[in-house]
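Take a look at the structure set out below.
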């Protein structure tokens, strides 16, 4: 399972150097992203490295799981009540409907909520620092951290499993 680690850099040049150090340490390009104030992101961050500004994907996954569980429970209860007449196929249908409804509703709510990194480090972002966010397994990140520190990154207190790994 991948975890997310966050590093602070003072400017765009240092952020680029830190990203190069992360790549050299074996972190894949797709697992490196940047978070900065909107005026800094527009001019300094390449499009593929911009971190999404909302909690959309994690919220959608939580909604799919929660809605599916509720749909499954409702289907099992309906099967236990003979007059309702739900079959095993009906249980599957209720599970799918619950998952889709939960995923859709949660994604809508998650789109309006800033992602956890932005919420936790809003002062760093407001101060003009650029955050370099790495997703990787513990061994990979442990190898990369010394190289990132030498390149000018300051590790921030954030370690969280990524939502879609």
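All of the numbers you see were taken from the coordinates with simple rules; none came from a lab. Just so it is clear, the structure is predicted and the values come from calculations on it, not from any experiment. Heads up, the Cβs are rebuilt from the backbone with ideal geometry, glycines too, and the neighbour counts pull from every protein chain shown.
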Once you place label points 7 Å from the Cα toward the Cβ at residue 101 and residue 81, how far apart are they in nm? 1.4 nm
If each residue's Cβ is checked for other Cβ atoms within 10 Å, how do 137, 123, 31, 11 rank with the fewest at the top? 123, 137, 11, 31
Rounded to one decimal in nm, the spacing of the 7 Å Cα→Cβ label points at residue 158 and residue 73 is 3.2 nm
Output ordering of 91-100, 18-27 (per-residue mean of other Cβ within 10 Å, highest first) is 18-27, 91-100
Given the range 56-110 reduced to its alpha-carbon atoms as identical point scatterers, what log10 I(q)/I(0) does the Debye formula return at q = 0.17, 0.23, 0.24, 0.31 Å⁻¹? -0.49, -0.71, -0.74, -1.00
